[in-house]
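Some notes on the structure that comes next.
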Amino acid sequence: MSESNGAPKYVEVAAALEVQIGTGKWDGGRMPSVRGIATQHGVSVVTASRALQILRDKGLIHTVERSGSVRVPPPTADRWALVLRLTPGPWQKATISLSRVGFEALARREPMHLESDAFPLAQNLTEAQIRVTVRRARDAGVGGAFLLPSRHSDAEMRLDERFLDACRAEALPVVLLERNLRGNNRELSHDLVAADDLDGAARCTRHLLDLGRRRIGIVVASPTSSHNDKVSGYLFALHAANQSRTGPKLEPVVLYQNSDQSNREAYSVLADQIRQHGLDGVLCYQDYTAMGLIFELLNRGLKVPDDVAVVGADDLPIGEQFAIGITTYAYPSEGMAEQAVRLMRERRQNPGRRPLKVVVPGHLIVRESSIGVQRTADGGYSVQ
C-alpha cells in the first residue's frame with residue numbers, strides 16, 4: 001500500500017502514467033516495456049503489469065503481440081503509418097530509430113499517432129493482398145503512409161511499387177522519405193522529403209579539401225536518388241575547387257560497395273581500392289561503412305586520419321563508440337518529419353497537385369576520423 005494516500009502502488013503508477021499520456025508523451029507510438037516502467041517507478045514487474053492493465057481497461061492503451069503496449073490515439077489525433085524499408089544488417093535497428101525519432105518528437109508537440117506495424121510487407125504478397133491491408137488500415141483511421149523505400153535490390157523495389165500501387169488504388173496518400181524508389185533517373189511519382197544529401201556531400205568534400213586532402217573519393221552502394229545526390233554534391237565541390245586551382249586538377253574517384261558481398265568482404269575490397277587509387281580522403285554514404293573502412297585501413301597499416309581521412313553520414317550511434325570518432329553529416333530527423341507531415345496534410349487537401357521534393361539540411365559534425373587527436377600532458381586528448 002502507498003504511504004501517501006492509502007491507494008495500492010499499482011494504482012499510483014497507473015495514475016502517473018495516465019497523466020503522462022494526457023500530456024501527449026506517447027502519442028508517437030510505443031510505450032516503455034513493463035520492465036522499463038518498473039524501473040522508472042521503482043516497483044516490481046508485477047506492479048507495473050497491474051498498472052498497465054488499468055490503462056487497458058480504460059481504453060488508453062492496447063497491446064500489440066510481440067511489440068508491447070501502444071498508446072491509443074485520441075479521436076482528434078492524425079494517424080499515420082510509418083513504413084521503413086531499411087536494408088537488413090547490423091545497423092538496421094539504429095537506422096530505424098534514427099528515422100522514427102523525428103516523428104516521435106513531433107508527436108509530442110501536436111496530436112498524432114504513428115502506426116509502425118500497419119503494413120507488414122513481404123515478397124510473397126501480391127498487390128491485391130496488399131490492397132486488403134491498405135483498405136483495413138484506411139478504414140481503421142490511418143490517414144496516410146510515410147514510406148522509406150528499400151534500396152536493397154530490384155525485387156524489394158518491385159515490392160515497394162506494389163505497395164504504392166495498392167495505396168493509389170485505395171486512395172491512401174503516401175509521402176516518400178529520404179529517397180525515391182530504387183533505380184536511376186526515376187520520375188518522381190509521390191511527394192518526397194529528403195536530407196540535403198547534395199549539400200552534405202559538398203560540405204564534407206570541402207571539409208577534406210580545407211584540411212589539405214587532394215585525392216578524395218566517395219563510396220556509394222545503390223542506384224537511388226539519395227546516393228546519386230551524394231555523388232553530385234561531391235563532384236560539384238571538386239569542380240568548384242578545380243576552378244580556382246592553378247596546379248594539377250582534382251580527379252574524382254567514385255567507388256561502389258557491392259551489395260552481393262558480406263559487409264566484411266565489401267569493406268575489404270573498398271579498402272584495397274582506396275590504397276590502389278592512393279586516396280587520402282574518402283566520403284562514405286553512411287557511418288557504418290565509414291567505421292568498417294577505418295578498421296580495414298588500420299589493418300593494412302594505414303593511419304586514420306593521417307594517411308586517409310574518413311567521413312560518414314547520418315550521425316549514427318556507432319560514430320562515437322570508438323576512440324576514432326566519425327566525422328559525419330547529421331541526419332535532420334525532426335526537420336524531415338515536420339516537412340513530411342506538412343506535405344501529407346497538403347496532399348490530403350489537394351490530391352491532384354504535382355509531386356514535390358523537399359530537402360532538409362543537416363549539419364557537419366567534425367570528429368577524429370578527419371582531424372585526428374593528440375595526447376595532452378594530463379593524459380587527455382586534443383584536436384590536431
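Bear in mind that the values in this text are calculations on the coordinates, not laboratory data. These numbers come from a predicted model, not from an experiment. Glycine also receives a Cβ, built like all others from the backbone with ideal geometry; neighbour counts cover every protein chain displayed.
Report, to the nearest 10°, how far helix 9-22 tilts away from the longest principal axis of the Cα atoms in the chain, using its own Cα long axis and a range of 0 to 90°. Relative to the chain, helix 9-22 is tipped by roughly 60 degrees. Our estimate of slack between residue 96 and residue 277, defined as 0.36 nm per intervening residue step minus the Cα-Cα distance, is 61.8 nm.
What length, rounded to one decimal in nm, is gained on full extension from residue 158 through to residue 262, with 0.36 nm per residue of separation minus their alpha-carbon distance?
On the way: separation 104, 0.36 × 104 = 37.44 nm, distance 2.31 nm.
In short, 35.1 nm is gained.
For region 75-225, compute Rg over Rh where Rg is the Cα radius of gyration and Rh is the Kirkwood radius from the inverse mean 1/r over Cα pairs. Let's see the in-between values first.
Values: Rg = 17.6 Å, Rh = 17.1 Å.
Here Rg/Rh amounts to 1.03.
For region 86-162, chymotrypsin sites (Phe, Trp or Tyr not before Pro) are listed when DSSP marks them as loop and at most 15 other Cβ atoms sit within 10 Å of their Cβ; the list is empty.
Converting phi to 3J(HN,Hα) with the Karplus coefficients 6.51, -1.76 and 1.60 and the offset θ = phi - 60°, region 220-234 yields 10, 9, 9, x, 10, 4, 5, 6, 5, 5, 4, 4, 4, x, 4 Hz in sequence order, with x at every glycine or proline. Across all Cα pairs in region 187-296, the calculated P(r) in 5 Å bins from zero up to the longest distance comes to 2, 11, 22, 22, 19, 13, 7, 3, 1, 0 percent per bin. Using only Cα atoms, find the angle between the long axis of helix 197-210 and the longest principal axis of the chain, and express it within 0 to 90 degrees, rounded to the nearest 10. Tilt of helix 197-210: around 40 degrees. Cross-link candidates for residue 93: which lysines have Cα within less than 24 Å, leaving aside residues fewer than 8 places away along the same chain? Within reach: 25, 230. For region 190-228 versus region 145-180, the spacing of their alpha-carbon centroids is 24 Å.
Close amide H contacts of residue 286 (hydrogens built in the peptide plane, cut-off under 5 Å, sequence separation of 5 or more or a different chain): 313. Summing Lys and Arg as +1 and Asp and Glu as -1 over all other residues whose Cβ lies under 15 Å from the Cβ of residue 200 gives a net charge of -4.
Between the Cα long axis of helix 263-277 and the first principal axis of the chain there is an angle of about 30°, rounded to the nearest 10.
Test of understanding: given the chain, find the longest segment containing no GluC sites (Glu not before Pro) that are in a DSSP loop and have at most 15 other Cβ atoms within 10 Å.
With a cap of 15 other Cβ atoms within 10 Å, the longest stretch comes to 188-384.
Of the listed values (i) 49; (ii) 27; (iii) 14, grab the one calculated as percent of Cα pairs over 40 Å apart from the structure here. Checked against the structure: label (ii). Modelled this way, with points 7 Å down the Cα-to-C-beta line, the labels at residue 251 and residue 349 are 5.4 nm from one another. Across region 155-162, rounded Karplus estimates of 3J(HN,Hα) from the backbone phi angles (6.51 cos²θ - 1.76 cosθ + 1.60, θ = phi - 60°) give 5, 5, 4, 5, 5, 4, 4, 5 Hz, Gly and Pro being marked x. With the dipole of the chain worked out from charges on the C-beta (+1 for Lys and Arg, -1 for Asp and Glu) around the Cα centre, which of 339, 172, 10 lies farthest toward the positive end? The Cα lying farthest towards the positive end belongs to 172. Taking amide H atoms as placed 1.01 Å from N in the peptide plane, the amide H of residue 224 lies under 5 Å from those of 183, each 5 or more residues away in sequence or on another chain.
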